[in-house]
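These notes concern the structure reproduced below.
The values are calculated or read from the model by the stated rules, or taken from the named source; none is laboratory data. These numbers were taken from a predicted model, which means no experiment stands behind them. For neighbour counting, all protein chains shown are included, and Cβ atoms are generated from backbone atoms with ideal geometry for every residue, glycine included.
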Amino acid sequence: MGVTTILIVMAAVFVWGAVSARLERADLSAPIVFVTVGVSLAALGLVDEPSAPETLKPLVEVTLVWVLFADAARIPAREIRRDLGQYVRLLAVGLPLTLLAGWGLAAWLFPGLGIWLALLVAAALAPTDAALGVPVVTNPVVPSRVRRWITVESGLNDGIVTPVVMLALAGAASAEGLAEVPGLWEAAAELAIGALVGSAVGLAGGWLLRWARRRNWAAEDFSGIAVLALALVAYTAALTLNGNGFIAAFCGGLAFGAVARRRGPAELVFLEQASGLVSLLVWLAFGAITAPFLLEHVDLTTILYAVLSLTLVRMVPVALASIGAGLDRDTVLFIGWFGPRGLASLVFALLALEELGTDAEEAVSVIGVTVFLSVLAHGFSAGPLAARYGRAAAARGPVPGGPTGDLPVRGLPRRR
């Protein structure tokens, strides 16, 4: 990457930061803007495509580490217990059904992918991104419990599917002769080590920060930097012990959020801002690196898969998981539709491109087309459908269980 490219990228970040507060649905516009900037850089020949995946790997890995840690840490476990049944339905029933349906559909429509790359496509597109549905999760006309269900699901499902993505990448690499796929026990050991190490680092880090704050040892301006570093400590410590670093980051975030308590949200602000910055760069890199071959691989079959992935593959499992939950049809359809695919899917796609090279192009193109369609479809429908559902929900009366407080959405500043 040359100096001119860096100048353009930094200028784009600055301009975005200067005008974003004046734009409604800022996080919906950000992906479009930075993907466009990336495509423009590629069109102008300012990106060295053959070497880009290799140079992008640290950025992609750091982005995923920070996103997993922040998403997990901002979930207030004590405050969501009364809705635990709904979260279990979405994450323990709906998410696996979505993954299986996406896997089967990918294997059927794209037989050339093979079992492992088909699993990669399904796993990469299973997690949702509430930040791409900002008019839904921040609109007060939508019942607060429904907004929280969507936000919590988005915050946890990327960490849950990460082991599946890692397994699919290892299997695809083995099938292509690029590496040996780890055995079942070896893979389970990596996940277990990552979970244990991450949990230990998160618990210790959260406890130490609380202890230091009580003694006024921790400077307010640097506590956020400490949390940012703590996420990387969990990741690198797990790698040192031959564990899964991404699982360590996710479990570390869960543990830190449980221990940090009331001060946790304030200490996460800097981490969320940093992850927001690198997220913009990931959107830009995705546009710059995948644009050339994305257009080559787009066909009716890819578009069909993308449409089905955003509709039936997501909405039917949500409907099945909601049986017996006491939710009306409109609420089930609303939650099922607003499962946009975003940052996590892009990060998984870029990891696949870096690990597998050209062998992953078709899979990455399927993921990319689905994400782009999601940005457009959920973006255009978010405002009108949120208003319509809000009016209908108000006419029916409050959602069972009463109102709840809102959670911060990835990339959006916390309300003060």
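Overview of results
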item: Sole exception among (1) touching a His at 6+ places or on another chain (Cβ under 8 Å); (2) buried (at least 21 other Cβ atoms within 10 Å of the Cβ) for Glu361, by number; result: (2)
item: Extreme residue, farthest from the chain's Cα centre (by Cα), among residues of the stretch 281-324 that are within 30 Å of Val146 (Cβ to Cβ) and assigned to a loop (DSSP other than H, G, I, E, B); result: Gly324
item: Test for Gly383: is it at positive phi and surrounded by fewer than 19 Cβ atoms within 10 Å (Cβ to Cβ); result: no
item: Qualifying position, being under 15 Å from Ile367 (Cα atoms), touching a Gly at 6+ places or on another chain (Cβ under 6 Å) and either surrounded by fewer than 22 Cβ atoms within 10 Å (Cβ to Cβ) or of a type in the set (A, V, I, L, M, F, W, C) (or both), among Leu346, Leu308, Leu300, Leu294; result: Leu294
item: Qualifying residue in the stretch 399-416 (condition: over 30 Å from Ala170 (Cα atoms) and at pLDDT 85 or above); result: no
item: Matching option when the condition is in a helix (DSSP H, G or I) and in contact with a His (Cβ under 8 Å, 6 or more places away or on another chain), among Leu169, Leu84, Leu132; result: Leu132
item: Subset tally (residues that are at pLDDT below 80 and over 23 Å from Ala18 (Cα atoms)) for the stretch 29-57; result: 11
item: Lone unmet requirement of (1) hydrophobic (A, V, I, L, M, F, W, C); (2) outside any helix (DSSP H, G or I); (3) surrounded by fewer than 19 Cβ atoms within 10 Å (Cβ to Cβ) for Leu327; result: (3)
item: Residues that are touching a helix residue (DSSP H, G or I) at 6+ places or on another chain (Cβ under 8 Å) and over 20 Å from Ala72 (Cα atoms), drawn from the stretch 218-264; result: Ala218, Leu241, Asn242
item: Any hit, the stretch 83-103, residues being surrounded by fewer than 23 Cβ atoms within 10 Å (Cβ to Cβ), under 27 Å from Ala386 (Cβ atoms) and among the acidic types (Asp, Glu); result: yes
item: Residues of the stretch 299-348 satisfying the condition of being small (Gly, Ala, Ser) and without any contact (Cβ under 8 Å) to a residue 12 or more places away in the chain; result: Gly324
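Residue-by-condition table, conditions (1) within 23 Å of Val67 (Cβ to Cβ); (2) modelled with pLDDT of 85 or more; (3) under 21 Å from the mean Cα position of the chain (by Cα); (4) not in a helix (DSSP H, G or I):
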{"residue": "Ala189", "(1), (2), (3), (4)": "no, no, no, no"}
{"residue": "Ala192", "(1), (2), (3), (4)": "yes, yes, no, no"}
{"residue": "Leu196", "(1), (2), (3), (4)": "yes, yes, no, no"}
{"residue": "Ala212", "(1), (2), (3), (4)": "no, yes, no, no"}
{"residue": "Gly243", "(1), (2), (3), (4)": "yes, yes, no, yes"}
{"residue": "Val259", "(1), (2), (3), (4)": "yes, yes, no, no"}
{"residue": "Phe270", "(1), (2), (3), (4)": "yes, no, yes, no"}
